[in-house]
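Comments concern the structure below.
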Amino acid sequence: MKVSSDIIENMYQEAEKFWGPELVRVTRETNEPFINIIYDCDHLEQIFWDNMVLIGEASHPTTPLGVRSTNMSTLDAAVLGKCIEKWGAENIPSTLEEYRRIRVTVTAKQVLHLQRVGRIKQGLALPDRKLFDPMTASAEESEELQKKHMPFFASAPLSVD
């Protein structure tokens with residue numbers, strides 16, 4: 001949602017009271033200070049190297065919009081445990097490859113979904129829908145933003161079996 005020019009000007013005036021002139025200059029030179037694309041990388045395809053594996057937020061850069069990070073981290077641990085149980089501690093390469101196949105499939109869809117939801121909530125343009133305004137949006141226009149539309153929200157695979 002766009003912030004009014006009055007609010008931005010007030011922010012600048014408040015900044016001048018507390019921040020140094022360099023930081024105030026940077027904020028004044030920022031064309032749209034409230035556009036905040038809150039993801040900094042795409043989903044990861046590679047989540048292990050040799051015997052080192054990423055789990056939790058290190059392996060899936062989701063945004064806070066999806067309220068999923070703890071759930072995703074817990075599922076990472078559960079899936080990794082099941083893979084170790086299936087393949088045994090002596091077969092780490094197979095364990096990690098199965099873990100990657102299971103989790104990347106899920107987390108890639110969730111990360112991409114949250115990137116889209118973030119753009120919608122910020123009122124940014126998407127090619128397949130009109131700009132979202134939470135003040136005037138209908139129930140139908142808001143439907144896609146509901147948590148229940150997160151891929152694998154209700155269940156995610158724990159194994160390939």
Name the pairs whose Cβ atoms lie under 7 Å apart, with the first residue in region 59-85 and without any contact (Cβ under 8 Å) to a residue 24 or more places away in the chain, the second open to solvent by 70 Å² or more (accessible area, probe 1.4 Å) and hydrophobic (A, V, I, L, M, F, W, C), and 6 or more positions between them or separate chains? 73/55; 77/55
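Each row is one residue, and each column tells you yes or no for (1) in contact with a helix residue (DSSP H, G or I) (Cβ under 6 Å, 6 or more places away or on another chain); (2) closer than 19 Å to residue 80 by Cβ; (3) modelled with pLDDT under 90.
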position: 96; (1), (2), (3): no, yes, no
position: 99; (1), (2), (3): yes, yes, no
position: 102; (1), (2), (3): yes, yes, no
position: 107; (1), (2), (3): no, yes, yes
position: 111; (1), (2), (3): no, yes, yes
position: 115; (1), (2), (3): no, no, yes
position: 118; (1), (2), (3): yes, no, yes
position: 121; (1), (2), (3): no, no, yes
Could you pull out the residue among 110, 146 that is buried (at least 17 other Cβ atoms within 10 Å of the Cβ), among the polar types (S, T, N, Q) and closer than 20 Å to residue 67 by Cα? 110
Take the conditions farther than 23 Å from residue 58 by Cβ, surrounded by 14 or more Cβ atoms within 10 Å (Cβ to Cβ) and among the charged types (D, E, K, R) and apply them to residue 130. Does it pass? no
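The values are calculated or read from the model by the stated rules, or taken from the named source; none is laboratory data. Owing to the predicted nature of the structure, the values given are computational and were not obtained by experimental measurement. Glycine also receives a Cβ, built like all others from the backbone with ideal geometry; neighbour counts cover every protein chain displayed. When the accessible area is computed, the model is the full protein with side chains, heavy atoms only, and any ligands, DNA or RNA have been set aside. Shrake-Rupley method; radii C 1.70, N 1.55, O 1.52, S 1.80 Å.
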